[in-house]
Amino acid sequence: QVHLVESGGGLVQAGGSLRLSCAASGNIFNINDMGWYRQTPGKQRELVATVSKSGNTNYLDSVKGRVTVSRDSAKNTVYLQMNNLKPEDTAVYYCKAEIGTLSSGRLRYLEVWGQGALVTVSS
């Protein structure tokens, strides 16, 4: 089994900063893309930022210039540094990773989600 555990959510004033972390654990052979998504009540989950194994990044247009995604492959961890936060950034943030795991000698890839971290930005 593999798991993703998030940390770092909380309440912050508009203009403030937060850093989310998401650590993978378990039977990990390798990890491909890692990323962050967010969801608010009544809306679909949307991609915030992703980072590939080679370090290529992709961002939601509305967070470009304010958010940085990074990963520490040695720690199987992905980070989301969020600066100049706005009330519209309020959401539950989920990390996701494509994790390769060995089972009975076979490598298979699983799409794994974290439990979610609430970020609340007050105006």
Please tell me the relative contact order of segment 37-123 in percent, rounded to the nearest whole number, where contacts are Cα pairs under 8 Å and at least six residues apart.
24 percent
Whenever you get a sec, line up D89, D61, D72, D33 from highest to lowest accessible area (probe 1.4 Å, protein heavy atoms).
D61, D33, D72, D89
Under unit Cβ charges (Lys, Arg +1; Asp, Glu -1), what dipole magnitude, rounded to 20 debye, does segment 1-104 have relative to its Cα centre?
100 debye
Which whole-number value in Å² is the accessible area per residue of segment 1-69, probe 1.4 Å?
55 Å²
Stokes-Einstein D in µm²/s, Kirkwood radius over Cα pairs - segment 48-110 at 20 °C with 1.002 mPa s viscosity
158 µm²/s
Under a 1.4 angstrom probe, counting protein chains only, how are S25, S104 ranked by accessible area, largest first?
S104, S25
Over the chain, with a single point scatterer placed on each C-alpha, what log10 of the ratio I(q)/I(0) does the Debye formula yield at q = 0.10, 0.17, 0.20, 0.22 1/Å?
-0.30, -0.80, -1.06, -1.24
Please name whichever of S21, V92, L60 sits farthest to the positive end of the charge dipole of the chain, dipole taken about the Cα centre and charges placed at Cβ: Lys and Arg +1, Asp and Glu -1.
S21
Considering only protein heavy atoms and a 1.4 Å probe, what is the carbon-and-sulfur percentage of the accessible area of segment 12-67?
45 percent
What figure, in Å² to the nearest 10, do you get for the accessible area of S21 with a 1.4 Å probe and non-protein molecules left out?
30 Å²
With a 1.4 Å probe and every protein chain left in place, tell me how much accessible area L118 has, in Å² to the nearest 10.
100 Å²
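The values are calculated or read from the model by the stated rules, or taken from the named source; none is laboratory data. If you're wondering where the values come from, they're calculated on a predicted model, not measured in any experiment. Here the Cβ is made from the backbone with ideal geometry for all residues, glycine too, and neighbour counts use every protein chain on show. The area values use the complete protein model at the heavy-atom level, side chains included, leaving out ligands, DNA and RNA. Shrake-Rupley method; radii C 1.70, N 1.55, O 1.52, S 1.80 Å.
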